[in-house]
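Asker: Handing you this structure, nothing more for now.
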Amino acid sequence: MIQAPGKTRKKILRKTSIVVLILLIVSITAFPAFGEDDETDFIIPDYGYTVDYYRSYGEPVLQASVIGDPELNRGETATLQIKIVNEGVIEGFQRLNVNQTWVSDSSEELLAVEEMGEEKECTTAKNINAHLVSETEYIEVESATNFQNVEELETGHPSMLQYTIKVDSDTPAGNYVLLLPVSYDYQANVRTATGAVANLGLTDTEYTREYKTKTETLKIPVSIKSEPKLEVAEVKGTLKQGENRVIEVTYTNTRERVAQDAMARIIVMSPLSTEKSIVRLGDIGPGENKTASFEIAATSDAIVKNYGIDSEVKYVDEDGETAFSDNMKVHVPLEAAEKKISTTGIAIILIILIAIYQIVNMHRKRNKNDDENASGDENE
């Protein structure tokens, strides 16, 4: 066996030591801090360990719409179902000029085609976070359902979101727009790992993927249905103990639609009563007033106070359906009856007056007799 001269051997050992030291440094800096059981927790290899054969052009495009009728009613608590659809399309691919010197042309072309297949996921939206926002004070989104998440949404596929909203009873009719801010991740690029990645101990790594985060706001149009709203505008008249009185109630339509064939009804309870509780009003247009007259009787022992009589208006809406107004209060004061003297009282008074008259008359006669007697004595 021929041995190298001493100086040459020292040079070889020195170079070998340097190479080993370099490899040790590279391995320390390149290897991740693996967990005990998690062998996928590693630093993504940089561009020195990957090549890029294709660049794709395309990304997710999300659209949102309400499922069912987007028309809401005043005063309702509604479950709003929103469908989001991914309409993203791949606009094309660009072949990049990459050649691995130690890979044959046929093998490299196969690697390029496989990478292009991975690039097709660029239109898939991942980890979609969406929360519904109302910019009007009339529509409130319940916080318990405000945040919705979709793990993944491929192009051409829909996903359903569900929110609970409350509509104020005084919401003006018209069109409203709810906002749906969404954020999601999507694949921006795929790179193919080279054979050098094995030096990092990543034997199962074929690709590295770059992701971007996109935030946008989708618009959700809804509308509030136009309808009549009947209110008590004025009440004329008073009640009295033991009497029948006519009360006039004026109803007004404060909303945008005609209340057709309207009929007003009152609900009275003891000590009040009525023989006719329903009065036809006819059509009541927006801003129009109609007056109904109700004859109401009160018992003689009814308590003197203000009475709140329940009232409602039945009408036909624009769809030809029977509808009812909200319950209304008709406030009517009840007065005390005038004090009257009974027959017994009158009889007693007459007896007393007759007695007084008799006493006075007897007293006058006695005085007259006394005067006559005194006059006779003087003549004698």
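The values are calculated or read from the model by the stated rules, or taken from the named source; none is laboratory data. This one's a predicted model, so the numbers in the text were calculated from it and none came from an experiment. Glycine also receives a Cβ, built like all others from the backbone with ideal geometry; neighbour counts cover every protein chain displayed.
Asker: How many residues does the stretch 232-262 contain that are surrounded by 15 or more Cβ atoms within 10 Å (Cβ to Cβ), modelled with pLDDT of 95 or more and under 24 Å from residue 321 (Cβ atoms)?
Answerer: Going through the stretch 232-262 one residue at a time, the tally reaches 8.
Asker: Follow-up question, since we're still on this one. Could you look through the stretch 100-137, keep only residues that are out of contact with any strand residue (DSSP E or B) (no Cβ under 7 Å at 6 or more places or on another chain) and either closer than 30 Å to residue 175 by Cα or among the aromatic types (Phe, Trp, Tyr) (or both), and pick out the one that is modelled with the highest pLDDT? Even if it seems obvious, please write down each step before you answer.
Answerer: Pass one, the stretch 100-137, residues out of contact with any strand residue (DSSP E or B) (no Cβ under 7 Å at 6 or more places or on another chain): 101-110, 113-114, 117, 137.
Checking the rest, the ones that are also either closer than 30 Å to residue 175 by Cα or among the aromatic types (Phe, Trp, Tyr) (or both) come to 102, 137.
On the way: 102: 68, 137: 95.
Within the stretch 100-137, the match that is modelled with the highest pLDDT is 137.
Asker: Scan the stretch 123-135 and tell me whether some residue there is within 10 Å of the chain's Cα centre (by Cα) and either among the small types (Gly, Ala, Ser) or buried (at least 17 other Cβ atoms within 10 Å of the Cβ) (or both). Let's see the steps before the verdict.
Answerer: Filtering the stretch 123-135 for residues within 10 Å of the chain's Cα centre (by Cα) gives 132-134.
Okay, now just the ones that are also either among the small types (Gly, Ala, Ser) or buried (at least 17 other Cβ atoms within 10 Å of the Cβ) (or both), so 132, 134.
Yes.
Asker: Still on this model: Of the residues that make up the stretch 114-126, is at least one touching a Leu at 6+ places or on another chain (Cβ under 6 Å) and either in a strand (DSSP E or B) or not assigned by TED's automatic domain parsing to the domain that holds residue 52 (or both)? First the steps, then the outcome.
Answerer: Within the stretch 114-126, the subset touching a Leu at 6+ places or on another chain (Cβ under 6 Å) is 125.
The next check asks that each one be either in a strand (DSSP E or B) or not assigned by TED's automatic domain parsing to the domain that holds residue 52 (or both); those that pass are 125.
Among the residues of the stretch 114-126, at least one is touching a Leu at 6+ places or on another chain (Cβ under 6 Å) and either in a strand (DSSP E or B) or not assigned by TED's automatic domain parsing to the domain that holds residue 52 (or both), which makes the answer yes.
Asker: Suppose the filter is among the charged types (D, E, K, R), without any contact (Cβ under 8 Å) to a residue 24 or more places away in the chain and closer than 24 Å to residue 209 by Cα; does residue 109 pass it? Show your work before the answer.
Answerer: Working: among the charged types (D, E, K, R): yes; without any contact (Cβ under 8 Å) to a residue 24 or more places away in the chain: yes; closer than 24 Å to residue 209 by Cα: yes.
So residue 109 fits the description; yes.
Asker: Select from the stretch 264-276 the residues that are under 17 Å from residue 327 (Cα atoms) and surrounded by 15 or more Cβ atoms within 10 Å (Cβ to Cβ) and list them in ascending order. Before you say what the answer is, go through the steps one by one.
Answerer: Initial filter on the stretch 264-276 (under 17 Å from residue 327 (Cα atoms)): 264-269.
Answer for the stretch 264-276, where residues must be under 17 Å from residue 327 (Cα atoms) and surrounded by 15 or more Cβ atoms within 10 Å (Cβ to Cβ): 264, 265, 266, 268.
Asker: Same structure again: Exactly one of (1) surrounded by fewer than 17 Cβ atoms within 10 Å (Cβ to Cβ); (2) closer than 29 Å to residue 75 by Cβ; (3) not polar (S, T, N, Q) is unmet by residue 284. Its number?
Answerer: Just one mismatch for residue 284, condition (1).
Asker: Of the residues 217, 238, 250, which single one is assigned by TED's automatic domain parsing to the domain that holds residue 322, of a type in the set (Ser, Thr, Tyr) and without any contact (Cβ under 8 Å) to a residue 60 or more places away in the chain? Let's see the steps before the verdict.
Answerer: Values: 217 fails: assigned by TED's automatic domain parsing to the domain that holds residue 322; 238 fails: without any contact (Cβ under 8 Å) to a residue 60 or more places away in the chain.
Exactly one residue qualifies, and that residue is 250.
Asker: Give me the residue from the stretch 286-343 that is of a type in the set (Ser, Thr, Tyr) and part of a loop (DSSP other than H, G, I, E, B) and, out of that set, nearest to residue 276 (Cα to Cα).
Answerer: Top of the filtered list is 299.
Asker: Now for a different question. Going by the structure shown, is residue 184 under 25 Å from residue 138 (Cβ atoms) and under 29 Å from the mean Cα position of the chain (by Cα)? Before you say what the answer is, go through the steps one by one.
Answerer: Working: under 25 Å from residue 138 (Cβ atoms): no; under 29 Å from the mean Cα position of the chain (by Cα): yes.
Judged against the criteria, residue 184 is not a match.
Asker: Can we say residue 189 is farther than 15 Å from residue 216 by Cβ, modelled with pLDDT under 95 and in contact with a Lys or Arg (Cβ under 9 Å, 6 or more places away or on another chain)? Full working, then the answer.
Answerer: Values: farther than 15 Å from residue 216 by Cβ: yes; modelled with pLDDT under 95: yes; in contact with a Lys or Arg (Cβ under 9 Å, 6 or more places away or on another chain): yes.
For residue 189, the condition - farther than 15 Å from residue 216 by Cβ, modelled with pLDDT under 95 and in contact with a Lys or Arg (Cβ under 9 Å, 6 or more places away or on another chain) - is met.
Asker: Hey, residue 164 hits all of (1) without any contact (Cβ under 8 Å) to a residue 24 or more places away in the chain; (2) in contact with a Ser or Thr (Cβ under 7 Å, 6 or more places away or on another chain) but one; which does it fall short on?
Answerer: (1)
Asker: Applying the selection to the stretch 342-364, what residues are exposed (fewer than 10 other Cβ atoms within 10 Å of the Cβ) and modelled with pLDDT under 75?
Answerer: 342, 343
Asker: Turning to a different aspect of this structure: Considering only the stretch 92-113, how many residues are exposed (fewer than 12 other Cβ atoms within 10 Å of the Cβ) and either in contact with a Lys or Arg (Cβ under 7 Å, 6 or more places away or on another chain) or part of a strand (DSSP E or B) (or both)?
Answerer: If we filter the stretch 92-113 for residues that are exposed (fewer than 12 other Cβ atoms within 10 Å of the Cβ), which is where we start, we get 92, 94-95, 97, 99, 101-102, 104-107, 113.
Filter again for either in contact with a Lys or Arg (Cβ under 7 Å, 6 or more places away or on another chain) or part of a strand (DSSP E or B) (or both), leaving 92, 94-95.
The total comes to 3.
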